[in-house]
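I have placed the structure first, in the form of structure tokens, so that the comments after it can refer back to it.
Taken together, the values in this text are just the output of simple stated rules run on the coordinates, not laboratory data. From a predicted model like this one, the values you see are computed outputs, not experimental measurements. Cβ sites come from the backbone with ideal geometry, for glycine too, and all protein chains shown count toward neighbours.
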Amino acid sequence: MATYIKDEGSTCYRCYTFNLENNNSLQPTHLFSIMSLMHFIRQAKNKPEIFPIVGILGCALGGAVYMSIHQARAPDVVWDHKDNKYPWQDIQGNEQVKLATVNQKYDSRWHRTHW
């Protein structure tokens with residue numbers, strides 16, 4: 001059973017669980033809960049210097065996730081060593097494989113048919 005308790009001398013609530021095996025004591029469940037996220041948003045209104053940091057970190061993490069997914073789908077990555085040992089041999093001459101091309105025309109974009 002989880003309950004939110006306001007700490008003494010603090011403005012934030014923490015999530016605690018009621019543990020019956022351990023002398024009926026309250027223990028914190030995790031450090032990053034919904035209530036702490038709401039507390040961070042409320043505090044960020046008073047400190048506008050946080051917005052550029054959060055924006056830059058959000059863009060960096062979003063770009064890292066996008067590039068990780070893009071590179072995992074690349075033709076030189078082998079996922080199935082038994083049935084498709086050499087996926088780069090399935091590329092035709094008129095298919096685009098690169099992330100960006102300059103002054104080159106391709107008929108279609110290469111995509112992985114089976115993993």
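Data overview
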| item | result |
| --- | --- |
| FRET efficiency estimate (nearest 0.05) - Cβ-Cβ, Cys59 to Arg109, R0 35 angstrom | 0.90 |
| His39 paired with Ala100, simple spin-label distance in nm, labels 7 Å along Cα-to-beta-carbon | 4.3 |
| Sites Met67 and Asn46 - FRET efficiency at Förster radius 25 Å, r taken between beta-carbons, to 0.05 | 0.10 |
